[in-house]
Amino acid sequence: MMTYSRSMWGINDLCVEPEVAIGDYGLGKGDEPSREEVMECQTWIRENVSPRKNLNRKKSSYALKHIVEKTTKQGYISNGAFILAAFLEGYMICPTYNDSPNAYFNMRFKKPARR
């Protein structure tokens, strides 16, 4: 079993700027997320969120990965895949609480188009 610590988030502070190295935390199945999972998350992020100045604590990486699973054809998405995709897209990463594998981001969620 993997042990999570704040040092895995790159620095001792709770929040990590995008340019800080990312660790392999929150990977769900115990291995690295697949390239397909990460790319599916990146596409979803580009289409559904935009950066904001401060942290958004309304939805964690765990909640967001479930949204991606429900709205894409990918199927299973690991928590780590979503976190890595957000990192690659330039978002700030902040654990939901000390030693948590889940994260909050500086994301503004776009409103869905009316039908």
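FYI, it's all coordinate maths here, none of it is from the lab. None of the values given here were measured: they were computed from a predicted structure. Cβ: placed from backbone, ideal geometry, glycine included. Neighbour counts: every protein chain shown.
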Protection proxy (average C-beta count within 10 Å per residue), highest first, orders 54-65, 79-90 as 79-90, 54-65
Starting with the highest mean, order 66-78, 39-51, 91-103 by the number of other Cβ atoms within 10 Å, averaged over the residues of each peptide.
91-103, 39-51, 66-78
Residue-span extension gain [LYS70 to ARG57] - 0.36 nm each, minus C-alpha spacing
2.6 nm
FRET E, pair MET39, ASN98, Förster distance 22 Å, beta-carbon r, rounded to 0.05
0.10
Under the Karplus relation with 6.51, -1.76 and 1.60 and θ = phi - 60°, whole-Hz ³J(HN,Hα) for segment 53-69, x at Gly and Pro, equal 5, 10, 5, 10, 9, 7, 9, 8, 4, 5, 5, 5, 5, 5, 5, 4, 4
